[in-house]
Amino acid sequence: MQDASAKPATTAAEDKLTDGFHLLIDALKLNGIDTIFGLPGIPITDFTRMAQADGIRVICFRHEQNAGNAAAAAGFLSGKPGICLTVSAPGFLNGLTALANATTNCFPMILISGSSEREIVDLQQGDYEEMDQLAIAKPLCKAAFRVLHAEDIGVGIARAIRAAVSGRPGGVYLDLPAKLFAQTMEAEAGKRSLIKVVDPAPRQIPAPDSVQRALALLKGAKRPLIVLGKGAAYAQADADIRAFVEKSGIPYLPMSMAKGLLPDTHQQSASAARSYVLPEADVVMLIGARLNWLLSQGKGKTWGGKSPKEWADKRFIQIDISPTEADSNVRIDAPVIGDIGSCVAALLAGMGSNWAKPPSEWTSAVAERKDKNIAKMAETLAKNPSPMNFHSALNVVRNAVKAHPDAILVNEGANALDFTRSIVDMYQPRKRLDVGTWGIMGIGMGFSVAAAVTTGKPVIAVEGDSAFGFSGMEVETICRYKLPVCVIILNNNGVYKGTDQNPAGDDMAPTQFVKDARYEMMMQAFGGVGVRATTPEQLAEALDEAVASGKPTLINAIIDESAGTESGRITSLNPSTAKKK
Ligand code: ADP
Ligand code: TPW
């Protein structure tokens, strides 16, 4: 055995050195980042090994888009930027959709991609995986940076973190050329170059007069309504938001990822009376929700306008961290700009102790609509058709989430999305993750992995059979990391449904899939549990078992292939041909 004094002479000098690999790991750890979602390859393979050896959890996927989606969901759930790590050009591009989607949804994430030799890329001399990644990423994210020198890694990570989580959160791209990883510098100087970011998402206190203006408008309202968006869920101001809604006595409508901020069974929830409250309300307070397509841009018939583009006679209050959000679609009479926690706290304080609840004509009219619709839904849910339809299958999920309110529900598809959103009640904040602002397919398995890894809670992913296909290979990832994820495929043999016909040949129609596909065998292939369920009883048994055991499970729930409509509830967004045959 050698003693320490027999070490080669160079080792002492090497001990005083650090390099790009280690500076990057140290910078991430210094900022509390404990998980990386990624996929190895040149030039980051060794980095993934070293990060893992150094105690960072490295979750590796089968496709970068899913790693990117996982990072985005982790960012939404934790308020810390989720990290996605990819190789150059193709790996980077695979991650880019997730980065753009995260930015669109205001989720904080950082896509870190290795890149090729700058000198060769800039002269377009044909390097391995040559691509000017920084230029390509820039228009698709909130900020993009490149680090060329090891001594700048600390600053690069600090800037990326601040850009991702401060103000309106979003995606950040960090470009790390291959050469950077092996660059060395003196260890002490390296340590001094790192930055522990102080107050990465500073509170933004709203101007007092903006709070007064909003309260005055709310006070004068006869038919007020609060709309909670996913910004409100992200803000982690759950107790104050609930206190504000309850003290105000105002009916509220949660956007899909704000469901559970207050339990969906809350007496003030107006979800079941949406088509009544939107046109009828006179003052609408938006909390972390944009008036985009999901809210019909705040105008037209949905809101009580007479024609599709007409502004209704309504006043809007908007609470948002982004000052330029107001007036983007209709007039915002009372913008309150700041972080939701500070804004809601200021509103609560400003309400005083004798806040008058809204007129009872309004609240009882809402309750009446709501009760009627809930009774109608209960009738539908009680039916037990054969084959199963969306309602009878989702009634099982509804019961499971009620029994396990801490489970996280991931949801994508068209009909599978719309029906789940309206049938499955949520009881706790940040428990529902879905297709978000773009209505994007492919988030399913990435979001599920992130939810399980970030929270340790059971995950139930309700997937259309088409939606599942976008990230289905990650069932291997779920099995590899032994994650408590139960995937339920609502299988109707196609995109939207499985009954289309090709009038002109032998190929299947564009929306059709192989009939009676055995998706459950995909999970079995990797050692997980796979179940084919044709009745609600079989589905319930398999789901209960999955949640109780925490074993990776895939339930292939066979539903009527004629169930569903084109694009779910947004059929009208499909352009229709003017040409008559
Ligand atoms: P939804 O789709 O649920 O309606 P959106 O994604 O359209 O929600 O809107 C979220 C809004 O929340 C964005 O305008 C964003 O700027 C805002 N937001 C996000 N985080 C915060 C925060 N901490 N404080 C204030 N506003 C926030
Ligand atoms: C990245 C277009 C919207 S919904 C959907 C597609 C392909 C699948 C619907 O079928 P599914 O659900 O999942 O079987 P169901 O319940 O209606 O049967 N590519 C991307 N995003 C979107 N939104 C699409 C395509 C689409």
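Summary table below
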read-out: Yes/no for Glu246 being assigned to a helix (DSSP H, G or I), closer than 26 Å to Ile33 by Cα and charged (D, E, K, R); value: no
read-out: The listed residue being under 32 Å from the mean Cα position of the chain (by Cα) and modelled with pLDDT of 95 or more, out of Gly190, Gly167; value: Gly167
read-out: Members of segment 407-458 found to be outside any helix (DSSP H, G or I), of a type in the set (Asp, Glu) and either within 16 Å of ligand 2 (Cβ to nearest atom) or over 23 Å from Ala289 (Cβ atoms) (or both), listed by number; value: Glu412, Asp434
read-out: Segment 410-458, subset under 16 Å from Leu261 (Cβ atoms) and away from ligand 1 (no atom under 15 Å from the Cβ), residue surrounded by the most Cβ atoms within 10 Å (Cβ to Cβ); value: Val424
read-out: Elements of type helices (runs of 4 or more DSSP H) in segment 1-56, at least 2 residues being modelled with pLDDT under 95, of a type outside the set (A, V, I, L, M) and out of contact with any Pro (no Cβ under 7 Å at 6 or more places or on another chain); value: 10-15
read-out: Exclusive hit being in contact (Cβ under 8 Å) with a residue 12 or more places away in the chain and either β-branched (Val, Ile, Thr) or in a strand (DSSP E or B) (or both), set Ile120, Ile83; value: Ile83
read-out: Residue in segment 122-140 that is surrounded by the fewest Cβ atoms within 10 Å (Cβ to Cβ), counting only those that are of a type in the set (Asp, Glu) and within 17 Å of Pro43 (Cβ to Cβ); value: Asp132
read-out: Among the candidates Arg168, Arg159, residue that is in contact with a strand residue (DSSP E or B) (Cβ under 6 Å, 6 or more places away or on another chain), surrounded by fewer than 23 Cβ atoms within 10 Å (Cβ to Cβ) and under 17 Å from Pro81 (Cβ atoms); value: Arg159
read-out: Residue within segment 18-25 that is under 14 Å from Ile83 (Cα atoms) and among the hydroxyl-bearing types (Ser, Thr, Tyr) present; value: no
read-out: Flag if Phe145 is within 13 Å of Ala450 (Cβ to Cβ) and touching a Leu at 6+ places or on another chain (Cβ under 7 Å); value: no
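The values are calculated or read from the model by the stated rules, or taken from the named source; none is laboratory data. Note that the structure is a prediction, hence the values are computed from the model and not measured. For neighbour counting, all protein chains shown are included, and Cβ atoms are generated from backbone atoms with ideal geometry for every residue, glycine included.
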